[in-house]
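A short worksheet on the structure shown next.
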Amino acid sequence: MSARKNLQSSLGTRFIVPSFEFALTPLLLIAYNFKTPMIKQLEEIESSALQELGSIDNIKQLESWQVRYLGKKSQLTKILRSLATLSLDKRKTVGAYANEVKGNLENRLEQKRQVLREVELAASARREDIDITLPGRPFPVGHLHPITQTLYEICDIFVSMGFQVVEGPEVEWDYYNFEALNIPKEHPARDTMSTSWIDSGTEGGERPMLLRTHTTSVSARIIETMHPPIRVVEPGKVYRYEASDATHTPMFYQIDGLAVDKGITMADLKGTLYEFSRRFFGEDRKVRFRCDYFPFVEPGIEMAIECLVCNGKGCRLCGNSGWIEILGAGMTHPQVLQCGGIDPEVYQSFAFGIGIERLPMLRYGIDDIRLFYGSDLRFLRQF
Amino acid sequence: MKIPLKWLQEYIGITLTPADLANRLTMAGTEVKGMQDIGGSWANIVVGQITAINPHPNADRLSLATVDLGTEQQTVVTGAPNLKVGDKVAFAYVRAQLVDGHSGRLFRLKSAKIRGVVSNGMVCSEKELGISDNHEEIIVLPMGVEVGASIADYLGDVILDLDITPNRPDCLSVIGIAKEVTALTGQGLDLPEVSYEESISPIDQQISVEIAAPDLCPRYCASLITGVKIAESPKWMQQRLLACGMRPISNIVDITNYVMLEYGQPLHAFDYHQIRGKRIIVRRATDGEAIVTLDGIERTLSEYMLVIADEEGAVAIAGVMGGAGSEVGEETTSILLESANFNPASIHYTGRTLRLPSEACMRFERGIRPELTLPALKHATQLIIQIAGGQAARGLADEYPGKLEQKPILLSTSQVERLLGIEFSLDQIVSVLTSLGFDCKIRESEVWATPPYWRSDIHQAVDLIEEVARIIGYDKIPTTMLSQPLPRPDPDSIIRLKQKTRCSLVGYGFQEVITYSLTSLEMLNRLLPEPHPLEPMPLRVANPMTADQEYLRPNLRANLLAALCANRRHEDGGIKLFELGRIYLPRQKDLPEEPEMLCGILSGDRLEKSWQGGDELLTFFDAKGVMEGLLNRLGVEASFEQGSEESLHPNKQAALVIAGNRLGVVGELHPKVSQAFEIGETVCLFEINLTALLSLTIGHKIFQPIPKFPSIVRDLAIVVDAEITHQEVQNIIKGYPLVVQVALFDVYSGEQVPPGKKSLAYRITFQSPTHTLTDEEVNRVQQQILSKLTSEFSATLRG
Ligand SMILES: [Zn+2]
């Protein structure tokens, strides 16, 4: 709109006060004084061209106007070509005037073209108007399983603290799952981890095989095979001989962690776990470390966070305690290090184990653990 | 373990509120998972004294009781049969909250007119207060209680529900908890004084004890009490047992349970007259030996189990359950009271094998100390004499072949600091250990600490350090970050390969699923178009929870197909699922192989339904395209050859070949298999063994310079026999110099070409690394290609 306004005002200047403008141009005054027929012709050309230009409203008309007034066969061009035949005097006055007219017409042509382009663009934009509320053309979208997402998130946190991600077998010897972790046969701690045993076909089962009940079995193998310094996290599936319900599945995920080196302390363990909680649950989430018992650590720790629902006031989710247990940890029992060939007098070690399902359940408010392994797209697509 | 606070307070003064006490215990390792406040709702219920009882004017079975409440008197209607003038009772004012005696629901007491007499209040039964199920009698309080005082002061209590960790059997007792509280609060301990008169002839003249299996029975103690009278135990004892979750049975049995809860030492009472030969023999059971236990069930034993026997046979399964033959009954007059110590593993095995978990079993299998036997035995004997009458024999039987002294353990301040990362003074350390009952001998910066007789979980210095840390509080330990040098970085691992793979597939629009590793033969058999036994048989779980979780999956297909079928019930359109997980392939006398497999399935519409159209279906070539895209991302060169898997369509499957190995497969599902999974549509599937692929994905990529000279593109359409494969043609074209890229852009068979023939159209890109190609150069190569194709496959240019 503003371009058009500019043009109107410039046209106006030219037509409304011609005398003022001419008065300032000595060359034109001369032309006025000696109005030859050619000058008169040029005047007519210019005035009719400008008049016509004013009524043009599309590019096509403009182009034919250009041909007519500025083209090779136009009168103006003919006049310019004929200049050579004129006397020097005449050539000067007429030539100057003709070029003046030509320049003027070309300028006006450009201005008009600009205006028409704007108008054209606005018109075409109106024509090509789309309903932007129509859905986009679908690109296929897949989702990582919420458990995978959680595991990756946790691994990333520990990797950034210098831990490596390692894995171990899911079908495991009794030895690595229990014996090497200070849980001998008939130890009451075995009762808390009901075990699915593998039918190995051998009588008496002199070397019993089982589905690992925790990923701590990987730690037992790492202690045996790696040399300090060790910093690993061990994600994976674990199994229990348990019936399914809203809070239990016979298969679920854990991630264990293990650090072995000279000079590792329980303060380092607290720091590492605190950092994990800070990054996973957020800066403001309060953390509590209390004494707990696991046969493969001493001292043993349970880490809890302030309840996500009631923020510590006590509710059904946290059993009115205000705290939600997140993981078990502790300083690796000397017996366990010794069993794997690491001298506990030289090296210290900490270990921790986190149950995975609980975390997305807390985060998203999922109330039935079985949903994770039911493969229902209506569930999986939400994450 | 449930601990009534009032019982605990008999041994230790507690100034903390119950909530604070619970918190201290929890932080120090004894988790209080619940607290029950008995009497918390007893506002408006007070002690009253019956001053008069008059008959109800309109009802024979009701009476009018006048109750003195200290400041006033109230007359109420009651139906209780046990009222006497002078009794002190629980009186509920109007507005008190009570339990309805019939429905068991809570209600608020209102003023009521009963058979024409207005009753403003009520005398309560135990059930109405929510203490027990007794609704027949009203509560009669001891005479010492003060009239007008709140009833909660006398009958109220707080029950702590504790979660005791398996290493602390000593905390499965009120006294054990009292000792913890002492260490946590510094309050002194006041344990029961035990003394009783031993008035009849010495015990060793009346019974002999022989331990034939000392490895399974380190200690066996017993007392003998004659002339007892079996009856109900006193109310206070019954109430405590109930509060702890045990059912009162008779005075003798209740005393054994009460003392077990008090000391943590299980006891067993035999009817002395049923012990044949007056001999107790602690021995292994013989294989197949049978005994009828207290619950009336005959149990068959094995040589791994321990029995208490008399001259003729087993009279009890040691530590697990008594025998019916020697059970204390109404006729019993003499009690042989056993307080013994058994091998934890043996008890655990027996309890587990016979499926007889019990309070006693739980304590023995966690390893209580043999020193506990005598104090518990003496207190129980005293209580029997007090409550059931009778006389104790002089002395106690005490066989102790497994005597094991607590040994002193050396601990230094530097050890504590090294493990905890904080320095504690020797004084602090010694004061904690002393408060827990350890005997401490200080030597410069070290202490020799001997655990108290009741602790079975202290064996080495780290155990002492935990004691110090947990009593001082874990919150006193600072938080620091690991400061050691970082371990060596990990090489290219399966972890990264899996992550790349997952991200690629999600990018292609696949949804990740995770399914159970356990499945059933029935499910696996659905993958076979013609039934035959699986070879090899998948690994079987010896104790499957359910029939559909009996075998470890040898492939991911079955679960994915089941997932597809289940989702079809509520999903139209395309479904693309993948799982990346392990399969389990049995090996001889070894753990199974657990390769990481990728399996994807595709079915239905290729594109989501859209207003812009697109209703193609997913086909074999989509599955193959996904595989090719993935392998390209992983930087792996692969080829495909005809596959031969029975579960797949015989003509529409290809094996993935990488470096000469078949590492995967792509194909359309065999129609019979689809049918078996109740899938009524075409399903395509692909599978890659990522574990096998891993070594082939490792290797450095080498940069190829971007071409400096322009390329020339030519289209070449040829007609060949239908049997000639694209790959054969492509291999020939690719073999020529200057050819840098070959793209198939059209395949046609139909009217425009002769029968039995097809047309293949290729876009070939020619480029030289050294100069700008001329048309003549390209024409020459193109001509050579065509002649070669003509000679090899009788190809003709498509006109
Ligand atoms: Zn809460």
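Checked against (1) within 16 Å of the ligand (Cβ to nearest atom); (2) within 38 Å of the chain's Cα centre (by Cα); (3) within 14 Å of another protein chain (Cβ to nearest Cβ), A:E302 passes all but condition (1). Picking from residues in region A:164-173 that are within 20 Å of A:S349 (Cβ to Cβ) and in contact with a helix residue (DSSP H, G or I) (Cβ under 8 Å, 6 or more places away or on another chain), the one that is farthest from the other protein chains (Cβ to nearest Cβ) is A:G168. Scanning region A:305-317 for residues that are crowded, with 21+ Cβ neighbours inside 10 Å and either within 14 Å of chain B (Cβ to nearest Cβ) or near the ligand (Cβ under 7 Å from one of its atoms) (or both) gives a single hit, A:C307. Of everything in region B:145-172 that is within 16 Å of B:A22 (Cα to Cα) and not aliphatic (A, V, I, L, M), the residue that is farthest from the other protein chains (Cβ to nearest Cβ) is B:D157. For B:K624, indicate whether it is part of a helix (DSSP H, G or I) and surrounded by 14 or more Cβ atoms within 10 Å (Cβ to Cβ). When the stated conditions are applied, B:K624 passes them. Looking across region A:146-163, the residues that are facing chain B (nearest Cβ under 9 Å) and among the aromatic types (F, W, Y) come down to A:Y152, A:F163.
Going by what's in this entry, would B:D204 be described as assigned to a helix (DSSP H, G or I) and surrounded by 23 or more Cβ atoms within 10 Å (Cβ to Cβ)?
It is false that B:D204 is assigned to a helix (DSSP H, G or I) and surrounded by 23 or more Cβ atoms within 10 Å (Cβ to Cβ).
Looking at this structure, is A:I230 among the aliphatic types (A, V, I, L, M), on the phi < 0 side of the Ramachandran plot and away from every other protein chain (no Cβ under 11 Å)? So A:I230 does not fit the description; no. Among the residues of region B:451-490, write down those that are under 24 Å from A:Q335 (Cβ atoms), part of a loop (DSSP other than H, G, I, E, B) and touching a Ser or Thr at 6+ places or on another chain (Cβ under 8 Å). Of everything in region B:451-490, just one residue is under 24 Å from A:Q335 (Cβ atoms), part of a loop (DSSP other than H, G, I, E, B) and touching a Ser or Thr at 6+ places or on another chain (Cβ under 8 Å), namely B:L482.
Candidates are the residues of region A:121-145 that are surrounded by 10 or more Cβ atoms within 10 Å (Cβ to Cβ), facing chain B (nearest Cβ under 9 Å) and at pLDDT 85 or above; the one that is farthest from the chain's Cα centre (by Cα) is A:L134. Of the residues making up region A:320-342, just one is more than 8 Å from the ligand (Cβ to nearest atom), within 10 Å of another protein chain (Cβ to nearest Cβ) and in a loop (DSSP other than H, G, I, E, B), namely A:H333. A single entry from A:M209, A:M266 fulfils the requirement of being buried (at least 24 other Cβ atoms within 10 Å of the Cβ), within 11 Å of chain B (Cβ to nearest Cβ) and farther than 29 Å from A:Q149 by Cα: A:M266. Checked against (1) within 14 Å of chain A (Cβ to nearest Cβ); (2) farther than 16 Å from B:L690 by Cβ; (3) crowded, with 19+ Cβ neighbours inside 10 Å, B:R526 passes all but condition (1). Which one is farthest from the ligand (Cβ to nearest atom) among residues in region A:278-294 that are part of a loop (DSSP other than H, G, I, E, B) and more than 8 Å from every other protein chain (Cβ to nearest Cβ)? Among those that are part of a loop (DSSP other than H, G, I, E, B) and more than 8 Å from every other protein chain (Cβ to nearest Cβ), it is A:F294.
Kindly establish whether B:D204 is within 24 Å of B:S358 (Cβ to Cβ) and not basic (K, R). Spell out the reasoning first.
On the way: within 24 Å of B:S358 (Cβ to Cβ): no; not basic (K, R): yes.
So B:D204 fails the test.
If you go through region B:591-644 and keep only what is without any contact (Cβ under 8 Å) to a residue 12 or more places away in the chain and within 14 Å of another protein chain (Cβ to nearest Cβ), you end up with B:L591, B:E593, B:S610, B:W611, B:Q612, B:G613, B:G614, B:D615, B:E616, B:G625.
Taking the stated definitions as given, is A:F383 more than 8 Å from every other protein chain (Cβ to nearest Cβ), of a type in the set (A, V, I, L, M, F, W, C), touching a His at 6+ places or on another chain (Cβ under 7 Å) and over 25 Å from A:Y274 (Cα atoms)? So that I can check it myself, show each step before the final result.
On the way: more than 8 Å from every other protein chain (Cβ to nearest Cβ): yes; of a type in the set (A, V, I, L, M, F, W, C): yes; touching a His at 6+ places or on another chain (Cβ under 7 Å): yes; over 25 Å from A:Y274 (Cα atoms): yes.
So A:F383 fits the description; yes.
Residue check: is A:E100 more than 14 Å from chain B (Cβ to nearest Cβ) and either touching a Leu at 6+ places or on another chain (Cβ under 9 Å) or under 30 Å from B:V541 (Cα atoms) (or both)? Taking the combined requirement at face value, the residue satisfies it.
Scan region B:78-102 residue by residue and report those that are crowded, with 19+ Cβ neighbours inside 10 Å and over 10 Å from B:V123 (Cβ atoms). The answer is B:K88, B:A96, B:L98, B:V99. Considering region B:563-577, and only residues there that are more than 8 Å from chain A (Cβ to nearest Cβ) and outside any loop (DSSP other than H, G, I, E, B), the residue that is farthest from B:L669 (Cα to Cα) turns out to be B:R568. Among the residues examined, B:A345 does not qualify as within 28 Å of B:P218 (Cα to Cα) and not in a helix (DSSP H, G or I). Select from region B:232-247 the residues that are out of contact with any helix residue (DSSP H, G or I) (no Cβ under 6 Å at 6 or more places or on another chain) and polar (S, T, N, Q) and list them in ascending order. Matches in region B:232-247: B:Q238, B:Q239. Could you tell me whether region A:213-220 includes any residue that is on the phi < 0 side of the Ramachandran plot and facing chain B (nearest Cβ under 9 Å)? No - not one qualifying residue is present in region A:213-220. In this structure, A:I356 does not satisfy being over 13 Å from A:D256 (Cα atoms) and either surrounded by 20 or more Cβ atoms within 10 Å (Cβ to Cβ) or free of Cβ contacts under 8 Å to residues at least 60 places away in the same chain (or both).
Looking at (1) modelled with pLDDT of 95 or more; (2) in a helix (DSSP H, G or I), find the lone condition where B:R352 falls short. Condition not satisfied by B:R352: (1).
Matching residues to (1) in contact (Cβ under 8 Å) with a residue 12 or more places away in the chain; (2) farther than 21 Å from B:A324 by Cα; (3) outside the structural domain of B:V432 (by TED's automatic domain parsing); (4) part of a helix (DSSP H, G or I):
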site: B:E210; (1), (2), (3), (4): yes, yes, yes, no
site: B:D215; (1), (2), (3), (4): yes, yes, yes, no
site: B:K229; (1), (2), (3), (4): yes, no, yes, no
site: B:W236; (1), (2), (3), (4): no, yes, yes, yes
site: B:L241; (1), (2), (3), (4): yes, yes, yes, yes
site: B:G245; (1), (2), (3), (4): yes, yes, yes, no
site: B:I252; (1), (2), (3), (4): yes, no, yes, yes
site: B:T256; (1), (2), (3), (4): yes, no, yes, yes
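Filtering region B:468-493 to residues that are closer than 27 Å to A:V238 by Cα and more than 7 Å from chain A (Cβ to nearest Cβ) leaves B:P489, B:P491, B:D492, B:S493.
Among residues of region A:146-199 being over 21 Å from B:D590 (Cα atoms) and acidic (D, E), the one that is farthest from the chain's Cα centre (by Cα) is A:E186.
The values are calculated or read from the model by the stated rules, or taken from the named source; none is laboratory data. Source: prediction; values computed, not measured. Because the Cβ atoms are built from the backbone with ideal geometry, glycine has one as well, and the counts that use them run over all protein chains shown.
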